[in-house]
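In what follows, a structure is listed as structure tokens, so that the remarks can point back to it.
Values in this text are rule-based calculations from the coordinates and carry no lab data. Everything numeric here is computed off the predicted structure, so don't read it as measured data. All Cβ positions, glycine included, derive from the backbone under ideal geometry; neighbour counts span all protein chains shown.
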Amino acid sequence: MSKVAVVYWSGTGNTEAMAEFVAEGVSEAGGEADVIQVSDFSASNLDDYDAFAFGCPAMGSEELESDEFEPVWDEIEPELPGRKVALFGSYDWADGEWMDLWRERAEAAGITVGDTVIAKDYPDEVAAGACRSLGAALV
Ligand SMILES: Cc1cc2nc3c(=O)[nH]c(=O)nc-3n(C[C@H](O)[C@H](O)[C@H](O)COP(=O)(O)O)c2cc1C
């Protein structure tokens with residue numbers, strides 16, 4: 001069975017809700033998902049999983065959250081090429097540029113990024129469905 005880590009940071013719960021929808025998609029496709037706060041995840045956990053969905057909202061100025069999420073991303077980024085990776089997160093007032101920048105950064109590091117899903121604030125039904133599809137595609 002495909003084991004998927006859904007690793008996220010969320011300040012006000014929107015990206016956390018997306019993480020739960022991603023996990024639902026994994027389960028519906030027959031996989032097993034662990035939903036993990038980024039502070040509980042490190043490079044030593046990578047080999048426990050077949051695929052990964054990373055979630056982080058737009059913070060700073062179109063940036064990743066810098067206190068908890070980005071340090072873990074910095075640590076694992078060199079070890080992600082060759083693994084199945086998807087990205088998701090919530091934003092509010094801009095147009096999702098942080099996700100474009102995140103994907104570009106990941107691809108420049110040699111990571112093949114599959115799906116990306118962004119949701120304005122709390123994920124609506126369309127975004128929730130996209131999160132489920134993202135999860136299913138990782139199985
Ligand atoms: C400090 C801070 C910085 C933010 N920076 C951005 C930004 O650059 N672009 C944007 O579209 N939204 C920005 N937002 C809005 C959040 O991305 C948005 O509220 C999101 O839904 C939060 O997700 P969460 O509930 O998972 O924490 C920012 C919010 C905070 C608190």
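Computed on the Cα atoms alone, the convex hull of region 95-138 gives a volume of 62 cubic angstrom per residue. Estimated purely from DSSP H runs of n ≥ 4, each contributing -39500 (n - 2.57), the mean residue ellipticity at 222 nm for the chain is -10500 deg cm²/dmol once divided by its residues.
In this Cβ point-charge picture (+1 for Lys and Arg, -1 for Asp and Glu), the chain has a dipole of about 460 debye about its Cα centre. On full extension of the chain, what length is gained from GLU63 through ARG105, given 0.36 nm per residue of separation minus the C-alpha to C-alpha distance? Extra length available between GLU63 and ARG105 comes to 14.0 nm. Working value for the chain: equivalent-ellipsoid semi-axes of 20, 18, 13 Å, each the square root of 5 times a Cα gyration tensor eigenvalue, largest first.
With the charge dipole of the chain set up from +1 on Lys and Arg Cβ and -1 on Asp and Glu Cβ about the Cα centre, the Cα lying farthest toward the positive end among the listed residues LEU134, VAL38, ALA109 is that of LEU134.
The slack between THR12 and ASP74, meaning 0.36 nm per residue of separation minus the straight C-alpha distance, is 20.0 nm.
Label region 66-139 by shape, choosing from rounded, prolate and oblate, from the square roots a ≥ b ≥ c of the eigenvalues of the Cα gyration tensor; if a/c is under 1.5 it is rounded, and otherwise prolate applies when a/b is larger than b/c, oblate when it is not. Oblate, since a/c reaches 1.5 and b/c is not below a/b.
Counting only the backbone N, which residues of region 67-111 are under 14 Å from the spot 7 Å out from the Cα of ALA43 toward its beta-carbon? It comes to 71-81, nothing else.
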